[in-house]
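**Student:** Following this message is one structure expressed as structure tokens.
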Amino acid sequence: MKQLLRKALGLAVGKVDYCEIRFEESQILNIRFQGKGLDRINKDVLYGGNVRALSQGGWGFCSFNDLADLEWALAAACEQARFAGSRKQEASRLAPVPVVEDEVRPVYTLDPRAVSVDEKVRILTHYNDLIIGYHEAIAASHITYIEKVTDLHFANSEGTYIRQEKLDIGASLGATARRGGITVQQFVGRGSSIGFDCILGVDDDIRKACQLAVESLDAPQVQAGVYTTICDPAMAGLFVHEAFGHLSEADDIYKNPELAKAMTLGRRLGGDILTIYDTGEYASGRGHLVYDDEGVATERTYLIKNGILVGRLHSRETAAVMGEKPTGSARAINYQFPPICRMRSTCIAPGTSTFEDMIKDVKLGVYAVGALGGETNGEMFTFVASHGYMIRDGKLAELVRDVQLMGNVFTTLANIDMVGNDPKPDDSAGGCGKGGQSPLATGAVSPHIRIQNVIIGGAK
Amino acid sequence: MLQLLQRLPADVQGELFVSKSSALSVSYANSEFEDIKNTSSYSATLRVIKDGRMALASSSKPQDDESLVDNALAIVRFGNEVNHGFPAAAPRSDVPLVDPRVREVDLQTMVDITEDLVAAVVNYDSRIKVMAGVTREEQRVELANSSGFFGSYDKTGWHYYLGGQLVQGDDMLWLYEVVTGCDLRNNYGALKAEVIDRFERAKTIVPFKAGTYPVIFAPNQVGYLLEPFLASLNGKAIMRDISPWKGKRGQKLLDERITIVDDGTLPYCASSVPFDREGVPTRRNTLIEQGVVRQEILDLESGDALGMDSTGNGTLTGPHPHHAILNPGTESVIATLKHLERGLIIYDTMGAWAGNPFSGNVSGTISLGLLIEKGEVVGRIKDCMFSINSFKHFRDHLIALSCETKENGTSTYPYVTLDDVVISTQ
């Protein structure tokens, strides 16, 4: 493959300023339970590649499924890049990175290919039986297991060639309880980039989720209002991803001077207790990367240090334009897309507060638990908890459901007044969406955090 | 295709779906030319049924028939239990989905269209960082099964979008609109006018207090409000006993002005197809008529489980609507707005898709909402959330459905005005 890709890249010499080829073959196993039994099982092969070319600041991109089309795709991408470049007539700018020749594969804790499909179905059937048999109010299960093993080749016109074997496992194990017209759902999430063992031994967590689903049937919807809110590690992880992580992606900033001004390095965004970083180095998380999809080695990138904005997530182009260094954050979900600036595992560094410290002086607040999903438009964000508890007079009180939080990133970061000492990773099925590319495997590691004045939607 | 199905053992039923597509797109970002993308995509998906169990394998690798068959047969013994087979050939909808004019659009024309869209917004306000793009698509689909069904169709696609971001200090106003279809839609002037008008109305930020208000939801937000109904009519949810509308057919559950139809046969509509993913002809289904539940959304599996026929809504992930239509009302949205003493019009939200649709509770952050006072738009509100319960609000708090509708590819909805919407803010 290396020779094939390098030979093709030779055809781009003199035609464009830069050219790269990615080619992947992924083996995917997807098992889903819904209701009383297995609902769907499929084995998929994702096979294809792309060529991306840069000329006078203009990009061309061409994807293909058949390796026999590689030279055609390369010629098409180069022609498009030249066309695009003729409109821009700028110097092509890519931050310099070392030329690399490398082959990498995960250090597996348990290679999923060493576990038979029989065994995987047996384990998931056990979880499904556990959910269905937990209580008469449990109407259905939702179990999704997705395993993807990728053989990825990358070569560029600068001489880099990297072959990476990658694993991505995501699992969601959920229960739906129903009584009369009320239906509630609770989930347990697991994910890994190094082993199938991430989904072993989940029984206790599943029982807790089932119990919560049953109890939530009697829980009221949270009352709309503004609350002091404590986020558990999963919610804090979702918060840092939606509220701040996306705003740190430099492709939204690098050609928008007003946004760049709002995100000037050195600006204070939070208190001294707040440190946020994004990393590809968290070895077991779904956001683990050795090299990004531009062949740049990954790293730990500090975004906020002690409340001060200190960094952002770059591709080679955004780094060059902004005069900063690449961070190994250019990622694509598969060969059909070009890489764009994305998060890996986004983390809040632990503080010193205990949960008891956080709750003891809260007169009326909400403890938001479990992350269902979120969204941002840059300045504003929203995220949904799987459930919550009211906090009354410094103590956890009644269970509440349909807890959805919103905020303005700048005020909310400033309103984080306590960071816990209990960081916990959160990796689950699903992933992040941006620019039509979804789901991208990302993760989070965060402790509990406390935020003042959070808007929560709900009943009146 | 038929050769592959013939390779299956005699006791195995098979269904093969092959899709080949290509797309050319031009995009601008930050008011600058961004890139040209040319993507071609191939996929073959084989579903097999053996001993009453079903499994699936797919591949994007050309000429990969052997591994497709091997992979499907290797896992079918674990597959889900099914009582149905694959359907035989049946008369199918004759839906026009190809516009030859789309195939004739060249790259230069696409660039010119995109530049014109960008220029309109930049000329209006050069501080706006404009994003725009045009995509031209072609798709060929073939479906065959071992019961004798063979069908194919071609489809063209023409999509364009325009939007932008206006950053002033820490205020980030972000909006965009999309036009999509199979035919060469070319009302670029309307798109430019809509986006510019939206920016103009949103420039002034006004203070706002929490409370309950009448709210006009723009057509592109109505889908979130109707999701509890579509989820509750989903045959798979009914089959799994998690739908609150199980057994409610014939009951009046919503305001009598609510009629919802699903139609997979609309000419040149992006979501139209002559037959669904399982080979069942698509059709027009009235789901809710004057507030009364009339029809579930079914595929082969859920139809079989519920003792009914598929409604032509089969996909690989269960039954889904093709193109939901909420019938319009009689009054224009402007007339409704003029009647509001104090309320909101919401054009864009975040997170309204999240949560549990079966509860009926729908909440979202209002990312673009305008305050109405004494029948006039006075400015944009910020940092607010809305919350409703669709089951309750579409029964007891419906003020109006507009006579204007908007199609977005997968739905056609009017403006919906609801009373008693909870708005939370600082």
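The values are calculated or read from the model by the stated rules, or taken from the named source; none is laboratory data. This one's a predicted model, so the numbers in the text were calculated from it and none came from an experiment. Quick reminder, even Gly has a Cβ in these numbers, built from the backbone with ideal geometry, and neighbours come from all protein chains shown. The protein model used for the area step is the full one, side chains on, heavy atoms only, and it has no ligands, DNA or RNA in it. Shrake-Rupley method; radii C 1.70, N 1.55, O 1.52, S 1.80 Å.
**Student:** Check whether at least one residue in the range A:361-379 is without any contact (Cβ under 8 Å) to a residue 12 or more places away in the chain and not aliphatic (A, V, I, L, M), and report yes or no.
**Tutor:** If we filter the range A:361-379 for residues that are without any contact (Cβ under 8 Å) to a residue 12 or more places away in the chain, which is where we start, we get A:377.
When the remaining residues are screened for being not aliphatic (A, V, I, L, M), the result is A:377.
Within the range A:361-379 (the criterion being without any contact (Cβ under 8 Å) to a residue 12 or more places away in the chain and not aliphatic (A, V, I, L, M)), the answer is yes, since at least one residue qualifies.
**Student:** Considering every residue within the range A:23-44, establish whether at least one is within 15 Å of B:SER40 (Cβ to Cβ), of a type outside the set (Ser, Thr, Tyr) and at pLDDT 95 or above.
**Tutor:** yes
**Student:** May I ask you to say which residue of B:VAL98, B:VAL82, B:VAL69, B:VAL111 is farther than 24 Å from B:GLY279 by Cα, in contact (Cβ under 8 Å) with a residue 12 or more places away in the chain and open to solvent by less than 70 Å² (accessible area, probe 1.4 Å)? Please lay out each step first, then the result.
**Tutor:** Details: B:VAL98 fails: farther than 24 Å from B:GLY279 by Cα; B:VAL82 fails: farther than 24 Å from B:GLY279 by Cα; B:VAL69 fails: farther than 24 Å from B:GLY279 by Cα.
The unique qualifying residue is B:VAL111.
**Student:** If a residue must be touching a helix residue (DSSP H, G or I) at 6+ places or on another chain (Cβ under 7 Å) and either polar (S, T, N, Q) or without any contact (Cβ under 8 Å) to a residue 24 or more places away in the chain (or both), how many such residues does the range A:274-324 contain?
**Tutor:** Total satisfying the criteria: 2.
**Student:** Can you name the residue in the range B:365-382 that is open to solvent by 10 Å² or more (accessible area, probe 1.4 Å) and more than 23 Å from B:VAL195 (Cβ to Cβ) and is also farthest from the chain's Cα centre (by Cα) among such residues?
**Tutor:** Checking each candidate, the answer is B:LYS374.
**Student:** Filter the range A:261-279 for residues that are open to solvent by 10 Å² or more (accessible area, probe 1.4 Å) and either at the interface with chain B (Cβ under 9 Å from one of its Cβ atoms) or touching a Ser or Thr at 6+ places or on another chain (Cβ under 9 Å) (or both) and give the result.
**Tutor:** Those that are open to solvent by 10 Å² or more (accessible area, probe 1.4 Å) and either at the interface with chain B (Cβ under 9 Å from one of its Cβ atoms) or touching a Ser or Thr at 6+ places or on another chain (Cβ under 9 Å) (or both): A:LYS261, A:ILE273, A:TYR277.
**Student:** Hey, any hits in the range B:181-197 for a residue that's within 14 Å of chain A (Cβ to nearest Cβ) and out of contact with any Ser or Thr (no Cβ under 8 Å at 6 or more places or on another chain)?
**Tutor:** Among the residues of the range B:181-197, not one is within 14 Å of chain A (Cβ to nearest Cβ) and out of contact with any Ser or Thr (no Cβ under 8 Å at 6 or more places or on another chain), which makes the answer no.
Residue-by-condition table, conditions (1) within 27 Å of A:GLU258 (Cβ to Cβ); (2) among the β-branched types (Val, Ile, Thr):
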position	(1), (2)
A:GLY378	yes, no
A:SER386	no, no
A:TYR389	no, no
A:ASP402	no, no
A:ALA414	yes, no
A:ASP426	no, no
A:GLY436	yes, no
A:ILE451	yes, yes
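**Student:** A further question follows. With respect to the numbered conditions (1) out of contact with any Phe, Trp or Tyr (no Cβ under 6 Å at 6 or more places or on another chain); (2) open to solvent by less than 10 Å² (accessible area, probe 1.4 Å); (3) in a strand (DSSP E or B), which one is the sole condition not fulfilled by A:THR183?
**Tutor:** Answer for A:THR183: the failing condition is (1).
**Student:** Could you go through the range B:120-136 and let me know if any residue there is within 14 Å of chain A (Cβ to nearest Cβ), closer than 30 Å to A:GLU379 by Cβ and part of a helix (DSSP H, G or I).
**Tutor:** yes
**Student:** Tell me which residues, restricted to the range A:203-231, are closer than 26 Å to A:ARG344 by Cβ, open to solvent by less than 20 Å² (accessible area, probe 1.4 Å) and out of contact with any helix residue (DSSP H, G or I) (no Cβ under 7 Å at 6 or more places or on another chain).
**Tutor:** None; the set is empty.
**Student:** Shifting gears a bit: Which numbered condition trips up A:SER92, out of (1) surrounded by 15 or more Cβ atoms within 10 Å (Cβ to Cβ); (2) of a type in the set (Ser, Thr, Tyr); (3) farther than 23 Å from B:THR39 by Cβ?
**Tutor:** All conditions pass for A:SER92, except number (3).
**Student:** Does A:ALA155 qualify as being open to solvent by less than 20 Å² (accessible area, probe 1.4 Å), farther than 29 Å from A:SER63 by Cα and not polar (S, T, N, Q)?
**Tutor:** It is false that A:ALA155 is open to solvent by less than 20 Å² (accessible area, probe 1.4 Å), farther than 29 Å from A:SER63 by Cα and not polar (S, T, N, Q).
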